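Asks: What follows is a single structure, and I will ask about it in a moment.
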Amino acid sequence: MTSVYVFGIILAVLVAAVLIAPLLERGEAVGTGSSPADHLEVALDALREIEFEHETGKLIDEDYRTLRARYAADAISARDAGAGSPGTPETGLCAVCDASLKPEARFCSRCGSEVAG
Ligand SMILES: [Zn+2]
């Protein structure tokens, strides 16, 4: 009987390890060891999130502007570090977040980053 009990505990520990492992890996990916592509993705996710929270009234204008500037700078530095393709005004898309731009636009209407050229 005891061996069955021990086997059950081992099985439970293994199942717990399998469930927890992806969570730990995810935590590491968001940390400092991530690649530029991951870094860019994290910054763009953050931009979308603060935009949503601003629209729903959870984020005041001042905080929104501060955070947006920070994450846009983050996204630009990640892009310059090698993530994604360099954007140009000719593509009509924002180099940072891929939003479509008006031909005369100097700033992206979605993420607020400056349009080159
Ligand atoms: Zn943009």
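All of the numbers you see were taken from the coordinates with simple rules; none came from a lab. Please read all numbers here as calculations on a predicted model, not as lab measurements. Backbone-built Cβ (ideal geometry, glycine too); neighbour counts: all protein chains shown.
Asks: According to a simple spin-label model (label point 7 Å from Cα along Cα-to-Cβ), what is the distance in nm between residue 106 and residue 49?
Replies: The two pseudo-label positions are separated by 3.2 nm.
Asks: In whole percent, what relative contact order does region 36-117 give with Cα contacts below 8 Å and a gap of six or more residues?
Replies: With pairs under 8 Å counted, the relative contact order is 27 percent.
Asks: From the convex hull of the Cα coordinates of region 36-117, what is the mean projected area in square nanometres?
Replies: If you wrap the Cα atoms of region 36-117 in a convex hull and average its projections, you get 5.0 nm².
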